[in-house]
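The values are calculated or read from the model by the stated rules, or taken from the named source; none is laboratory data. None of the values given here were measured: they were computed from a predicted structure. Neighbour counts are summed over all protein chains in view; Cβ atoms, including those assigned to glycine, are modelled from backbone coordinates with ideal geometry. For the accessible areas, the whole protein counts, side chains as well, though only heavy atoms, and no ligand, DNA or RNA atoms are used. Shrake-Rupley method; radii C 1.70, N 1.55, O 1.52, S 1.80 Å.
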Amino acid sequence: MCRHLAYLGPPRSLRALLYAAPHSLHVQSWAPRHQRYGTVNADGFGVGWYPEAVGPRAPEPLRYRRAMPIWGDASFADAARAIVSGCVVAAVRDATVGFGSEESGAQPFRADRLLFSHNGAAKDDEALHAGLGHPAPPGALDARAPVDSAPLFAHAVRSWRSSGDLVGALAETVRRAREHSEGRYNLLASDGEAIVGTTAGDTLFTSRRPGEGVLLASEPFDDGPDWHRIPEDSVVVADHERTEIRPLG
């Protein structure tokens, strides 16, 4: 239904992260190689990035979203040359049947220092909304978006705010979502200090290259041997030093 990525490492331009590779997220918007549900991701795109940190904690992220294919926004492709960050979350969207392609549905969603993306779909979005969507977290306006990802985001924000544990928050969100509806719940998030993803119905790969940082992505950007597929029903967390994969539970 979508393709998404998260990057953590030395500062790189958004142009390098989203456009430069042979099978970049830009290319995946019209020619994904591992997408099993849907064929074209033309219903919007978004990217969130953290400006240079001041002090020990990352600042709140900035974000750009559009309700159009990423290939149609030449101005952003040009501006992406000058936007540099050491932590990025981005997605291209194939809207779930029954939901529109307005900008509010484009991810990543944002709350405080959190960036969040969902690749997948819920079979019963009404049950998911009733079970996880309330109460809407204060200040997290994306939790009210008219899309099946919104209640997942709402629950993840509540859990993360209460625990400070992003890995636990995403894993618990998937477990709770499955109690209310069948679905595919590949989640991806960052707090500016680590990147975290779940594999729950769709693909996720990781790559770490010396001096180039670490990536989590729905599919590889190239045919390099450093890409590794994350097993199904896993949660993966990566920081500047290591990548750890755990059972989703």
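Give me the residue from segment 19-36 that is of a type in the set (S, T, N, Q) and assigned to a loop (DSSP other than H, G, I, E, B) and, out of that set, most open to solvent (accessible area, probe 1.4 Å).
GLN35
Regarding ARG209, is this residue of a type in the set (Lys, Arg) and more than 16 Å from HIS118 (Cβ to Cβ)?
When the stated conditions are applied, ARG209 passes them.
Here are some residues: ALA42, ALA95, ALA21. Which one is modelled with pLDDT of 95 or more and of a type in the set (A, V, I, L, M)?
ALA21
Kindly state which strands (runs of 3 or more DSSP E) lie completely within segment 135-249 and contain at least 3 residues that are closer than 19 Å to GLY120 by Cα and open to solvent by 30 Å² or more (accessible area, probe 1.4 Å).
Hits in segment 135-249: none.
Checking SER162 against (1) over 19 Å from SER234 (Cβ atoms); (2) within 16 Å of the chain's Cα centre (by Cα), which single condition isn't satisfied?
Only one criterion is unmet by SER162, namely (2).
Would you confirm whether any residue within segment 103-122 is in a helix (DSSP H, G or I) and open to solvent by 30 Å² or more (accessible area, probe 1.4 Å)?
yes
State whether one or more residues within segment 54-76 are assigned to a loop (DSSP other than H, G, I, E, B), more than 17 Å from ARG3 (Cα to Cα) and among the acidic types (Asp, Glu).
yes
Does ALA156 fit the bill of being closer than 23 Å to GLU60 by Cβ, at pLDDT 95 or above and of a type outside the set (Val, Ile, Thr)?
yes
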